[in-house]
Every structure is written in C-alpha cells, then in structure tokens.
Amino acid sequence: MPGWLIDFLWVVVKVTLVIAFVGVNFIFMVWLERKLSAKMQARIGPNRVGPHGSLQLIADALKLFSKEDIKPAMADPKVWALAPVVMFAPALLVFYVLPVGPNAVIGTDLNVGLLYLAAVSSFTLVGIFMAGWGSNSKYSLLGAMRAGAALMAYEIPLVLSILTVAMLAGTLSVQGIVQAQVDRGYYFVFPGIVAFIIYFICVMAELGRGPFDLVEAEHELVMGYQTEYSGMRWGIMLMAEYTNQFTAAAIAAMLFLGGWDGPFLPGWLWLVIKAYALVMVMMWVRWTLPRVRIDQLLDLSWKFLLPVSLLNLVVVAIFLV
Amino acid sequence: MADQIERSIGAGVQVIEDAETMEEALRPAHLEEQAGERRRMLVNFGPQHPSTHGVLRVLLTLEGETVIDAQPDIGYLHRNWEKIVEGWTYAMVVPFSDRNDYLAAICNEQAVVGAVERLMGIEVPERGQFLRVLVFELQRLTSHLIWFGTFAMDMGATTAFLHAFRERERCYSLFEEITGARLLYNYLRIGGLRNDVPDSWLKKLEQFLDDFEKEAYPSYWDLVINNEIFRVRTKGIGVITPEQAIAYGASGPVLRGSGIRWDLRKVDPFLPYDQFEFDIPVGTNGDAYDRAIVRMKEMMESVKIIRQVMKRLPDGPVMAKLPRALRPPKGQVYNRVESPRGEVGVYLISDGGTGPYRIKWRSPCFTHLMLLPVMARGHLVADLVTCIGSIDIVLGEVDR
Amino acid sequence: MGVLNDVARAAKSIVKGHMVTLREIFKPPMTIRYPDEKPEQPKGSRGMPVLKVNAETGELNCTACGLCARSCPPGCIEVIEETDANGKRMRRPLAYNLDMGKCMVCNLCIEACPFDALEMAANFEISVYDPDNLVFNKDQLATIWKNYDAVRIAGGEKL
C-alpha cells in the first residue's frame with residue numbers, strides 16, 4: 001500500500017473516532033446535566049426512557065428532527081443557514097491538538113498549539129453574530145450584540161491566564177506543557193491557582209453558561225440569537241455548546257491538571273475523567289448561582305478579571321519563572 | 001395611542017393590513033426618528049412570559065436598553081368577583097374569596113369573615129381565635145416561600161425555587177390534614193373555624209417548624225440572599241422613597257421596606273396579636289434588596305408566633321353558637337388584615353339579607369402595581385423583572 | 001483594603017451557596033412517581049362529593065330536598081325529586097346530577113345536607129375525554145362512594 005494511502009486512511013479513522021466521540025459525549029453530557037441538576041433540586045430527572053433515563057436524548061433528537069423547519073421571511077438565507085455550522089466547526093477543530101498519551105496527539109503537535117487554541121475558540125463568536133444578523137429580527141440582533149460584547153470582553157483575561165501556563169512551562173505546544181508537568185512532578189494548578197480560577201470564569205462566560213447565560217436567558221425578552229432556529233438547526237447549536245464545554249474543560253485539564261498523566265489507566269481515559277470532573281463543576285456552578293446583568297458581566301471582566309490576570313502574570317513572571 | 005399599542009411587536013405579533021410591502025409591515029410604525037436623540041421603542045412584555053407572576057402585560061418604552069416608562073396592563077384574570085358575590089349568602093362568599101389571592105387563601109377568608117363578625121358583633125371563642133392566628137401565620141410563611149422561590153428563579157437561580165417548594169409541599173400536607181385541601185381551604189367560618197385540630201397535627205407542625213428553622217431557612221440565606229450576585233442585582237434597584245410609598249398607598253413589605261414601621265398586626269389587630277411577642281422588620285433604602293430582607297425576616301417572625309400560639313393554645317370550642325341563617329343588621333363595615341402582600345380590605349355593605357349587598361375588595365397588589373413606572377424608570381430591562389418580583393404580585397388579587 | 005474585604009465576602013458567599021447545592025445532592029428526592037406511586041391523602045381530603053348509600057336498606061339517604069343545590073356557590077348540583085303516578089312526592093331523587101366541571105370542592109353541600117346523604121371522597125382522578133362525562137349521575141356517585149373511603153366533616157369536629 002502506498003504511504004499516502006495509509007496516511008489518508010489513518011486520517012479517516014481519526015476523524016470518524018472524533019465525530020463518534022463528539023456524538024457520544026453530547027448524549028452523555030446532556031444526560032449528566034439533567035440528572036445532576038435534578039439531584040441538586042430534590043427531583044429525579046429523566047427516568048423513563050432507557051435505564052435511568054440514559055436514552056432520553058434519543059427521544060429528544062427524534063422530536064427535534066420531526067419539527068417544522070421554519071425559515072424567517074426576512075432572513076438572509078445563506079448567512080442564517082450557515083451560522084450553526086460555523087458555530088459547530090471550532091468545537092471539532094480543537095480536537096486536532098489534544099494529546100492523549102505521552103507520544104500520541106490526535107492531529108499533530110503544533111509548536112504553537114496554544115495560539116491555535118485561542119484563535120479557534122474565538123471563532124464561535126463569528127457564528128453567533130451570523131445567527132443574530134442573519135435572522136433579521138430585533139431580538140436576535142440584540143442577543144447577538146450582547147453575546148459579542150461579552151465574548152470579546154472575556155477573551156483577554158482568558159488568553160492572559162493561559163499565557164501564565166505557557167510561561168511556567170516554557171513552551172506553547174500543548175503536548176509540551178503536559179510533558180512539562182509530568183517531568184516536574186507537579187501540576188500547574190498549584191503555582192497557577194489564580195490563573196486556573198480566572199480561566200474557569202472566563203470559559204464559563206465564553207460558553208454562555210452558568211451565571212453568565214444572559215445571552216440566552218428566557219427571562220429576558222426571548223431566546224436571543226437562537227430565536228429563529230427550530231428543530232435540528234437549534235439542535236446543532238446545542239451540540240456546539242456542549243462540545244465546546246467539553247473541549248474547554250479538556251483544555252483546562254491539560255493545561256492545569258496534567259492531561260493524560262495518571263497511573264494504571266490509559267492516557268485518554270485520564271483526560272476524559274479530568275475533563276468530566278471539570279464539566280461537573282461547571283454544571284454545579286450553573287445550577288447554584290443567579291444570573292448577572294450585562295453591565296455587571298462587562299464590569300466583572302474589564303474592572304476585575306483583567307487587572308487580576310495582569311497582576312498574576314507579573315507575579316508569576318517574577319517569582320516562579 | 002390605541003393604534004400604537006396595536007402595532008407593538010413582541011410576544012404577540014400583529015399583522016398590519018395596510019402595509020405596502022413586507023418590510024413596512026414588520027417595521028414598527030412607532031419608531032420615532034428624532035434628530036440627535038436615540039430612538040424610543042415600544043415593546044410588549046407579556047401577557048405570556050416566562051416570569052412566573054401570572055398574566056400581566058407591561059408596555060415598555062425603551063431607549064436602547066433603558067426603561068423610560070413601564071405601564072402595566074391588567075385585566076387578563078378578571079373574573080367579576082365583586083358582582084358575582086352580590087347574589088350569594090355569606091357562607092358561599094368565603095370559599096370564593098379564597099380565589100382572589102390564591103397563594104394566601106386564609107388571609108382573604110379572614111378579611112371577609114372578620115367583616116361579617118364585626119357587623120354582627122360575634123365573639124369567636126378563644127381557641128378559635130388562637131387557631132386562626134396559627135393558620136394565618138402559617139399561610140404567611142408559605143406565601144413568602146413562594147415569593148422567595150419565584151424571585152430567585154427570576155434572577156436565574158432555579159434551584160432555590162425547588163427547595164422552597166419542597167418546604168411548601170410539607171405545608172400542603174399539613175393543611176390537607178386539617179382542612180382537606182392543599183391550596184384553597186374554606187376553613188374559616190363566620191364565628192370560628194370549620195373543625196378543630198388534633199394534637200398529633202400540632203406535633204407534626206412543630207416537627208416541620210424545627211426542620212425549617214434548622215436546615216431550610218439558613219440554606220435560603222446561603223444559597224440566594226447572601227449571594228453576591230443576588231445582592232448586586234437587587235441593591236439600588238426599584239427604589240421607592242417613603243413619600244412615594246405613602247402617596248401611592250403601599251402597604252405590607254413594600255411599605256416596610258422603605259422604612260415605615262406600619263404593620264396592621266400591631267396598629268389595628270384583627271386577631272389577638274397583642275398577646276404574642278414579635279418584631280416588625282423594617283428596611284432602610286426601599287430597594288428590592290431591603291424588601292427581600294424584610295420578607296425573609298418576616299418568615300422567621302411567623303415561626304416565632306406559631307410557636308407561641310402552640311404553647312399557649314387553650315381548650316374549648318372553636319365555633320361560636322350561631323343561628324343557621326345569618327342575617328347581619330343593615331350597615332357598612334371596612335375590615336382589613338395584614339396579608340403577606342399588604343393590607344387586604346373588605347368593605348361590606350349589608351342590607352339585612354343573608355348575603356352581601358356589595359363587597360368592595362381592596363387589593364394591595366393592585367396598588368403596588370401602580371408603583372411599577374416609578375420603580376422601573378431608568379433601569380435596564382433585566383431590572384424590570386426584579387422590580388416586578390420584589391413587589392410580589394398575584395394577578396388573581398390584582399384583577400379579582 | 002475595602003476592596004479586598006468586598007472580594008473576600010463575595011467569594012465566601014459564593015462558596016457557601018455551592019455547599020448548599022452539594023449537600024442537596026446527597027438527600028433523597030421528594031418526587032412521588034405518579035402514577036406508579038400514589039400520594040398519601042389524609043382522611044378528609046377533598047376530592048369530590050359523593051352520595052352515601054345506607055348500609056341496611058341499600059338505598060341512598062338522599063331525600064331530594066335540594067338544600068345542597070341551594071348552598072352550592074357555582075350551582076353545579078341539579079336535583080329532581082321522584083313523584084309517583086299521582087304526583088305524590090317520594091322523597092327520593094329521580095335524578096341527581098353533579099357537574100364536576102364546575103364544582104370547586106368547597107364542602108358546603110356536605111355541610112348543608114341534614115340527612116347525612118353527602119360525603120366527601122378523596123378521589124381526584126376524574127379526568128375524562130369528553131367534558132360531558134364530567135356530569136356524574138346518582139348511580140355513578142353511589143358507586144364512587146362504595147369504592148372510596150368518604151367522610152363527612154361538617155363543622156366543629158375535632159378530627
């Protein structure tokens with residue numbers, strides 16, 4: 001078999017595995033969210049479809065497929081239709097640089113892996129804007145503007161906090177950072193605890209989760225930029241949101257908690273375990289805290305997180321590097 | 001103004017017939033282009049909306065995201081109460097009055113029953129009066145629990161809603177044991193109560209109060225009230241100055257949140273409240289946070305009163321001896337009670353028959369809703385939800 | 001330093017809130033899995049009024065006096081007395097129609113009845129497909145009385 005064919009087949013296998021994982025992850029994470037929130041609220045959650053309600057999402061997916069596809073009359077058809085795809089693509093692209101073992105990376109180990117991650121994850125903003133603008137509806141545009149302002153505000157502390165980790169490790173490559181933690185024997189969450197907390201808060205705001213879900217808050221006028229999407233189009237947006245959640249947690253696990261490092265179990269399993277632990281913490285925060293207002297959201301970012309992350313960078317640079 | 005309201009876009013979109021193109025039909029006709037000024041939008045908030053306060057429609061005039069004016073539009077739950085009861089006997093009026101403020105049914109019943117008792121000069125036996133105080137305060141506790149749950153849910157903390165309802169479910173069971181119903185009781189009768197309570201029920205009530213005080217109540221403070229996000233979202237929002245509160249006729253926690261110490265249980269006791277010791281929590285700034293604190297503290301005061309009643313409950317009958325057909329003398333009376341929402345008043349005109357000639361229901365939520373434009377001016381749309389939640393309206397009472 | 005105090009207080013309040021939800025995960029749920037589990041209804045729980053059947057004679061106690069119909073606020077009871085061929089009143093209901101679509105289960109009919117003919121059953125599962133079927137006639141009411149433990153709480157009792 002010629003070499004290029006083997007490489008090509010290898011790529012096909014990897015992409016299929018990633019997409020399969022994304023699908024399974026979606027089903028599992030929605031079930032986890034509903035069951036965890038039910039437990040916190042003295043309820044039971046889904047318990048009829050499948051054992052312990054695990055197949056509930058199949059029923060929901062069938063329901064979404066059977067809904068009428070409503071196109072708003074004044075929408076720009078191409079922009080409106082492409083928006084969910086543009087929102088979903090970055091979630092998949094992040095998998096390219098995820099290391100799953102000491103010598104295994106899903107794609108290639110880019111030596112500017114962190115830059116790639118930061119660039120790709122801010123692409124979701126374009127998708128949200130396309131959704132709001134293309135819908136040509138007052139509320140969608142309002143929601144998209146709010147989302148845009150919030151996401152842009154939280155990019156900077158996010159990048160500064162992962163820059164701290166890059167400084168500690170001395171490299172921008174993701175595999176290199178994990179390797180550095182393994183070599184030094186301690187995880188970067190300990191010297192970079194402030195960076196970890198800032199990263200967590202920023203990523204919850206970026207995802208529109210937790211106390212920062214005002215962009216899709218039902219108690220505001222309508223569903224924001226998601227108003228004009230029905231059926232499976234909205235299902236894709238939901239899938240994008242949950243996959244982004246997983247990848248954000250996976251990045252945190254790799255940068256701060258040592259990624260694939262751990263005894264007995266294979267590397268990718270450790271990564272999944274650590275990522276899901278962080279996902280559960282995000283769900284815990286979401287169901288506990290009330291929602292912040294748009295101006296308080298921006299205040300938090302510009303007036304609190306930005307100075308703190310800058311200070312943290314300086315402190316780490318002076319004392320720990 | 002009428003056609004401006006017709007064309008308002010929102011949860012109910014109306015098609016404009018005389019538009020030339022689709023664009024003109026969907027463009028709101030009331031957007032005024034004022035040179036140099038930002039445009040003002042007329043937006044419809046409701047009557048269906050996910051805020052859980054019933055069918056209320058608010059016409060918002062927005063400038064960007066700031067609220068310039070918020071006019072409530074009511075009447076979606078009007079059931080013609082005052083006219084219907086004109087043909088009925090007093091015994092039939094009592095269960096019907098439950099349905100006004102359906103979250104605090106006993107308070108409504110006390111207003112009606114107290115009016116007739118005052119007119120006829122009936123003396124309720126002491127055990128009956130003490131038990132009335134007990135269920136009244138228990139009703140206040142459950143009503144404030146609903147306020148707490150829905151207010152937290154409006155803020156986004158859905159978990160608190162379910163925690164509040166878990167305690168309320170226990171109260172439902174307690175009420176079901178003595179009255180037979182969970183929400184609308186028909187328990188108070190003219191001259192006393194329908195039936196007495198067994199001692200086993202009092203023990204269950206005490207168990208509930210102990211659990212509430214030890215576990216549930218502190219968790220409400222930890223989960224919501226002391227939470228920084230909650231404080232930031234309610235402090236300084238929806239300020240009502242004491243002068244405004246008095247001028248608009250506010251009462252209950254809305255009045256006390258603005259710093260005025262006025263509680264009908266102390267000022268004009270409609271039940272033997274002067275035999276029990278309790279405080280009246282009062283706020284300072286008149287914002288949503290102070291009203292929230294007042295209601296939370298009132299929950300604990302109610303628990304205190306219930307405990308005192310249980311300790312000093314005398315024996316005896318619960319119902320006074322009355323003729324079968326009640327005919328109050330001709331006259332007029334105004335009876336008021338301190339319900340969890342404010343001053344509920346019943347103005348009763350009797351013509352000597354078996355039923356009322358006219359009942360006028362004074363609803364506190366109706367009065368408080370008039371404060372909405374005053375409170376919401378200058379705030380953002382998200383704060384409008386906070387303002388509505390902090391005055392704790394029940395549309396059944398507003399519209400009757 | 002006031003800022004640091006504020007930040008500390010904010011952080012502490014947020015952490016305490018999370019502890020509440022964490023503790024909540026380990027408590028049992030309060031859900032009753034209806035319809036597999038039925039809720040516990042205490043004695044005297046108000047579901048719908050039913051007609052009592054006399055244990056000895058097997059007949060209804062009702063004499064069709066109409067006091068219940070007169071005391072009903074929404075007016076959902078219709079009573080027609082049976083008369084024999086000569087027009088003499090039989091003191092028995094020919095028809096007794098209770099419209100559960102209007103009934104607000106206020107208990108006033110049971111309190112009004114002087115013949116111990118009406119009792120309150122705890123049956124709340126009366127959903128039907130056709131709203132006309134919500135009008136219960138006297139045979140249906142008697143059947144429900146036989147199947148449910150109905151009580152009469154009419155005033156002044158100590159439960």
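The values are calculated or read from the model by the stated rules, or taken from the named source; none is laboratory data. The structure displayed is predicted, hence computed values, not measured ones. Cβ coordinates were reconstructed from backbone atoms using ideal geometry, including for glycine residues, and neighbour counts include every protein chain displayed.
Values for this structure:
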| read-out | value |
| --- | --- |
| Residue match in the stretch C:112-126 (condition: of a type outside the set (A, V, I, L, M) and within 19 Å of B:F96 (Cα to Cα)) | no |
| Residue match in the stretch B:138-160 (condition: at pLDDT 90 or above, under 22 Å from B:P253 (Cα atoms), of a type in the set (D, E, K, R) and part of a helix (DSSP H, G or I)) | yes |
| One residue from B:S219, B:S251 being at negative phi, small (G, A, S) and within 14 Å of chain C (Cβ to nearest Cβ) | B:S219 |
| Pair list, Cβ under 6 Å, 6 or more apart: the stretch A:46-60 residue surrounded by 14 or more Cβ atoms within 10 Å (Cβ to Cβ), other residue among the aromatic types (F, W, Y) and part of a helix (DSSP H, G or I) | A:S54/A:W31 |
| Residue count, the stretch B:157-168 (criterion: within 10 Å of chain A (Cβ to nearest Cβ) and crowded, with 23+ Cβ neighbours inside 10 Å) | 4 |
| Residues of the stretch B:309-340 satisfying the condition of being acidic (D, E) and under 25 Å from B:W361 (Cβ atoms) | B:E338 |
| Condition broken by C:E56, with the remaining ones in (1) surrounded by 12 or more Cβ atoms within 10 Å (Cβ to Cβ); (2) away from chain B (no Cβ under 14 Å); (3) at negative phi; (4) of a type in the set (D, E, K, R) satisfied | (1) |
| Among the candidates A:Y96, A:Y116, A:Y154, residue that is among the hydroxyl-bearing types (S, T, Y), touching a strand residue (DSSP E or B) at 6+ places or on another chain (Cβ under 9 Å) and either more than 30 Å from A:I193 (Cα to Cα) or touching a residue at least 12 places away in the same chain (Cβ under 8 Å) (or both) | A:Y96 |
| Test: residue in the stretch B:229-238 that is within 30 Å of A:T288 (Cβ to Cβ), more than 9 Å from chain C (Cβ to nearest Cβ), in contact with a Cys (Cβ under 7 Å, 6 or more places away or on another chain) and buried (at least 16 other Cβ atoms within 10 Å of the Cβ) | yes |
| Whichever residue in the stretch B:117-137 is among the hydrophobic types (A, V, I, L, M, F, W, C) and in a helix (DSSP H, G or I) and, among such residues, is nearest to B:R341 (Cα to Cα) | B:F136 |
| Single match in C:D149, C:D130 (criterion: more than 12 Å from chain B (Cβ to nearest Cβ) and in contact with a Lys or Arg (Cβ under 8 Å, 6 or more places away or on another chain)) | C:D149 |
| Matching option when the condition is farther than 30 Å from B:A288 by Cα and among the aromatic types (F, W, Y), among B:F130, B:F148, B:F161, B:F136 | B:F130 |
| Scope the stretch B:232-268; condition closer than 20 Å to B:F148 by Cα, within 19 Å of the chain's Cα centre (by Cα) and of a type in the set (K, R); matching residues | B:R256 |
| Set B:A382, B:A376, B:A320: member being over 30 Å from C:A112 (Cβ atoms), touching a strand residue (DSSP E or B) at 6+ places or on another chain (Cβ under 6 Å) and assigned by TED's automatic domain parsing to the domain that holds B:R295 | B:A376 |
| Yes/no for A:G231 being under 22 Å from A:Y186 (Cβ atoms), more than 14 Å from chain B (Cβ to nearest Cβ) and modelled with pLDDT under 90 | no |
| Checklist (1) within 14 Å of chain B (Cβ to nearest Cβ); (2) among the hydrophobic types (A, V, I, L, M, F, W, C); (3) exposed (fewer than 15 other Cβ atoms within 10 Å of the Cβ) applied to C:A95, failing item | (1) |
| Set B:L184, B:L174, B:L205: member being modelled with pLDDT of 90 or more, under 30 Å from C:L108 (Cα atoms) and assigned to a loop (DSSP other than H, G, I, E, B) | B:L184 |
| Filter result for the condition that a residue is small (G, A, S), in the same structural domain as A:A253 (by TED's automatic domain parsing), in a helix (DSSP H, G or I) and under 30 Å from A:G258 (Cα atoms), over A:A91, A:A20, A:A81 | A:A91 |
| Condition broken by A:K67, with the remaining ones in (1) more than 14 Å from every other protein chain (Cβ to nearest Cβ); (2) over 30 Å from A:S135 (Cα atoms); (3) of a type in the set (K, R) satisfied | (2) |
| Matching option when the condition is charged (D, E, K, R), out of contact with any strand residue (DSSP E or B) (no Cβ under 8 Å at 6 or more places or on another chain) and under 30 Å from A:L289 (Cα atoms), among C:K102, C:K38, C:K27 | C:K27 |
| 2 or more residues of a type in the set (K, R) and within 13 Å of chain B (Cβ to nearest Cβ): qualifying helices (runs of 4 or more DSSP H) within the stretch A:253-321 | none |
| Leading residue by the ranking (farthest from B:I293 (Cα to Cα)) among those in the stretch B:383-400 that are in a loop (DSSP other than H, G, I, E, B) and among the hydrophobic types (A, V, I, L, M, F, W, C) | B:V394 |
| Residue match in the stretch B:190-212 (condition: within 14 Å of chain A (Cβ to nearest Cβ) and exposed (fewer than 15 other Cβ atoms within 10 Å of the Cβ)) | yes |
| Residue within the stretch A:116-127 that is surrounded by fewer than 17 Cβ atoms within 10 Å (Cβ to Cβ) and aromatic (F, W, Y) present | yes |
| Selection within the stretch B:56-96 - buried (at least 16 other Cβ atoms within 10 Å of the Cβ), outside any strand (DSSP E or B), under 22 Å from the mean Cα position of the chain (by Cα) and in contact (Cβ under 8 Å) with a residue 60 or more places away in the chain | B:L56, B:I74, B:L77, B:W81, B:V85, B:V93, B:V94, B:P95 |
| Single condition B:E277 does not satisfy, out of (1) farther than 14 Å from B:S390 by Cα; (2) under 20 Å from the mean Cα position of the chain (by Cα); (3) not β-branched (V, I, T) | (2) |
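Results for (1) modelled with pLDDT under 90; (2) within 14 Å of chain C (Cβ to nearest Cβ); (3) touching a helix residue (DSSP H, G or I) at 6+ places or on another chain (Cβ under 8 Å), shown as yes or no for each residue.
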| residue | (1), (2), (3) |
| --- | --- |
| B:G286 | yes, no, yes |
| B:V303 | no, no, yes |
| B:G342 | no, no, yes |
| B:I349 | no, no, no |
| B:F366 | no, no, yes |
| B:V374 | yes, no, yes |
| B:V385 | yes, no, yes |
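A quick yes/no check of all residues on (1) β-branched (V, I, T); (2) surrounded by 23 or more Cβ atoms within 10 Å (Cβ to Cβ):
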residue: A:M152; (1), (2): no, no
residue: A:E155; (1), (2): no, no
residue: A:S161; (1), (2): no, yes
residue: A:T164; (1), (2): yes, yes
residue: A:Y186; (1), (2): no, no
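Yes/no per residue for (1) more than 9 Å from chain B (Cβ to nearest Cβ); (2) in a helix (DSSP H, G or I):
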residue	(1), (2)
C:N5	yes, yes
C:E24	no, yes
C:K27	yes, no
C:R46	no, no
